[in-house]
1. Rounded to the nearest 500, what is the 222 nm mean residue ellipticity of the chain from helices alone, with -39500 (n - 2.57) per DSSP H run of 4+ residues and division by all residues?
2. Under 5 Å between amide hydrogens, which residues at least 5 positions from Asn135 or on another chain qualify, with H placed 1.01 Å from N in the peptide plane?
3. Lys/Arg Cβ at +1, Asp/Glu Cβ at -1, dipole of the chain taken about the Cα centre: which of Phe5, Thr64, Ser169 is farthest positive-ward?
4. Counting only protein heavy atoms, what percent of the accessible surface of region 1-120 is carbon or sulfur at a 1.4 Å probe?
5. Just checking the chain: which Cys have no other cysteine's beta-carbon under 4.7 Å?
6. Modelling each spin label as a point 7 Å along the Cα-to-Cβ direction, I'd like the Arg162/Asp178 distance in nm, to one decimal.
7. Round to a whole angstrom and tell me the spacing of the C-alpha centers of region 1-22 and region 57-74.
8. Normalised by the number of residues in region 55-163, what is the relative contact order in percent for Cα pairs under 8 Å and 6+ residues apart?
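The values are calculated or read from the model by the stated rules, or taken from the named source; none is laboratory data. The model shown is predicted, which means the values in this text are computed figures rather than measured ones. No Cβ is skipped: glycine too gets one built from the backbone with ideal geometry, and neighbour counts run over all protein chains shown. The accessibility values were calculated without ligands, DNA or RNA, using every heavy atom of the protein model including side chains. Shrake-Rupley method; radii C 1.70, N 1.55, O 1.52, S 1.80 Å.
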Amino acid sequence: MPPSFGHQITIEKTPSYAESKLALQRIHRFNSSIKLIVIVRDPVIRLQSSYAHAMSKFPKPNVTFMKWCGGNKASLIQRMSFVSHVTNIFNIFSRGQIIVLSEEALEFNPAEMMHQVETFLGLKSAFTKDAFIFNRQKGFYCLNVNNSRYKVISKHIKTDPRTGCFSKSKGRAHPQVDSALFKNLVILAQPYNEKLFRLIQKRFEWSNLENFTVKERTEI
Ligand SMILES: Nc1ncnc2c1ncn2[C@@H]1O[C@H](COP(=O)(O)OS(=O)(=O)O)[C@@H](OP(=O)(O)O)[C@H]1O
């Protein structure tokens, strides 16, 4: 951890820590009052995102999303279920130390989500609505480079200074998904989503059999 002054807080971002009980226990030993921000995502979209990530690192043109998912139900469930990881976090840390947020909230309402994070961390509010601007080409909210705080914010958050957007690796095109496969994935994920919602005592509007639609961004 880099040193920080009394008026600063240090933030560290390593998603894989959440998947390791040992890492969580070691973090607790390091600082038992640390605050944790857990961001989860619609698991079916998360799976598409993992595929896009894997293909960009090691391109395999013949490996379609369906092939990549494979027929191993247990392995798919393992990749789409977050509840066991979040249970570990809840068992090791007290509830007041943890905030569970969704990628969807970050993607579609970044100002509101940043406000929640600032409140949770006990910080003064810095991110107002006009700190963000929707970029049609990117398809995401980006930082508003014309906002008076952009200069300060951009010292800490790496974005393209012309657009205020994250790099190409954030917001990759997702694979087109066959609707039968999508439905099967939704069915597999749903019981684990419900367990997670019960644990965290809030719900996210993730793909389910009632609102069933294949969400596609762009074909790759
Ligand atoms: N504003 C904005 N700009 C760009 N990307 C955004 C934004 N808000 C949310 N997201 C989603 O964040 C996903 C990338 O998150 P991570 O940085 O944690 O992923 S990774 O480290 O690259 O694996 C990335 O996932 P993919 O779309 O699957 O690439 C985005 O969907």
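1. Taking each H run of at least 4 residues, the total per residue is -12500 deg cm²/dmol.
2. Sorted by chain and number, the residues that satisfy this are Phe140, Tyr141, Cys142.
3. Phe5
4. Details: 4220 of 7300 Å².
Solvent-exposed carbon and sulfur of region 1-120 make up 58 percent of the total.
5. Singleton cysteines: Cys69.
6. The answer from the label model is 4.1 nm.
7. Distance between centres, Cα-based: 33 Å.
8. 13
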